[in-house]
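The values are calculated or read from the model by the stated rules, or taken from the named source; none is laboratory data. Everything numeric in this text was worked out from a predicted model, so none of it was measured. We place every Cβ from the backbone using ideal geometry, glycine too, and count neighbours over all the protein chains shown.
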């Protein structure tokens, strides 16, 4: 489950104590901070540890202070395993110093072996970007500029000639170019030198957007039976494909555990689990090549990755290096980066001015 859902679940269970302490809730930052304050009471943390004796937190470098408060309050009471890489934080406005200070005070193990790939060009580029030096081309990695009329043909050929899983990624500010590329490739590419059948690029909705849309019809104070949950879901205009899995799990809870009622917090946690499971394991996705922003692609891997790098990627040199790093490191076999303008290859993250 997400840490926000976990915070809401704890707050709902201990809302009487929260009220007596005048803990404010509203947006998720406030709810997470209130949860952290509740967990600083030993009886609350002990109760949580009984249900969750082992807690695993991934992508912990992006824990803002309200969420860090939750994890640090639980650490004395449960076995907490935290995975983090400060360089992979893609929020330039987030100060990672408080988390890193707390993190380094624990029993840390540095993971140095890369299992994803053994391709030299991909490995060297990742190592260079972490040092804010030019990634450079190499085996498995190319940087390309092509004239606007030629670029769709080159991208289409790169997709069509790849064997294995393929994904097309774009950084912030790249959605418009990605959408235009998807439309062009979907028409097929034919010329004297190319004969490429139509290619479907499927822009995946963000999981958080799907979950927010599904849960928008539920108030935080709602308590529902599985039948009521199914009725609410039936009213959704465009339900995600994983909704039947949520409904089935709710009825299984009734049949196997006599669970007759679900709070909104419990339902949100179930929705998040089923959405994540569907994305990870389902073979029922729409057929096509995934088109993802780089944030969405974190924790996913593909044999071949194509990155569309546009004008106007926001942030400083280091953030751009982190974005390109996260894109390249999704690839197991090859990564081809296509830039919108040749001049971009003379700017970060493709080259860096000496200090």
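Is segment 27-36 home to any residue that is over 13 Å from residue 4 (Cβ atoms), buried (at least 19 other Cβ atoms within 10 Å of the Cβ), outside the structural domain of residue 298 (by TED's automatic domain parsing) and in contact with a helix residue (DSSP H, G or I) (Cβ under 9 Å, 6 or more places away or on another chain)? Among the residues of segment 27-36, not one is over 13 Å from residue 4 (Cβ atoms), buried (at least 19 other Cβ atoms within 10 Å of the Cβ), outside the structural domain of residue 298 (by TED's automatic domain parsing) and in contact with a helix residue (DSSP H, G or I) (Cβ under 9 Å, 6 or more places away or on another chain), which makes the answer no. Each residue in segment 119-143 was checked for being in contact (Cβ under 8 Å) with a residue 12 or more places away in the chain and either surrounded by 18 or more Cβ atoms within 10 Å (Cβ to Cβ) or assigned to a loop (DSSP other than H, G, I, E, B) (or both), and 16 of them qualify. Taking the numbered list (1) modelled with pLDDT of 95 or more; (2) part of a loop (DSSP other than H, G, I, E, B); (3) farther than 18 Å from residue 179 by Cβ in turn, residue 334 passes all entries but (2).
Of everything listed in (1) surrounded by 15 or more Cβ atoms within 10 Å (Cβ to Cβ); (2) within 24 Å of the chain's Cα centre (by Cα); (3) in a loop (DSSP other than H, G, I, E, B), the single unmet condition for residue 162 is (2). Taking segment 79-100 as the range and being surrounded by fewer than 18 Cβ atoms within 10 Å (Cβ to Cβ) and more than 25 Å from residue 329 (Cβ to Cβ) as the test, the residues that pass are 79, 98. Regarding residue 211, is this residue in contact (Cβ under 8 Å) with a residue 24 or more places away in the chain and buried (at least 17 other Cβ atoms within 10 Å of the Cβ)? Yes: the conditions hold for residue 211. For segment 260-311, the candidate set comprises residues that are assigned to a loop (DSSP other than H, G, I, E, B) and modelled with pLDDT of 90 or more; within that set, the residue that is surrounded by the most Cβ atoms within 10 Å (Cβ to Cβ) is 310. Residues of segment 37-89 that are assigned to a helix (DSSP H, G or I), touching a residue at least 60 places away in the same chain (Cβ under 8 Å) and within 20 Å of residue 298 (Cα to Cα): 67, 87, 88. Confirm whether residue 116 is touching a residue at least 24 places away in the same chain (Cβ under 8 Å), surrounded by fewer than 15 Cβ atoms within 10 Å (Cβ to Cβ), closer than 30 Å to residue 60 by Cα and touching a strand residue (DSSP E or B) at 6+ places or on another chain (Cβ under 8 Å). Yes; evaluated as a whole, the condition is true for this residue. If you go through segment 101-116 and keep only what is closer than 29 Å to residue 332 by Cα and in contact with a helix residue (DSSP H, G or I) (Cβ under 7 Å, 6 or more places away or on another chain), you end up with just 114. Scanning segment 174-189 for residues that are surrounded by fewer than 16 Cβ atoms within 10 Å (Cβ to Cβ) and either in a helix (DSSP H, G or I) or on the phi > 0 side of the Ramachandran plot (or both) returns 175, 176, 179, 180, 183, 186, 188.
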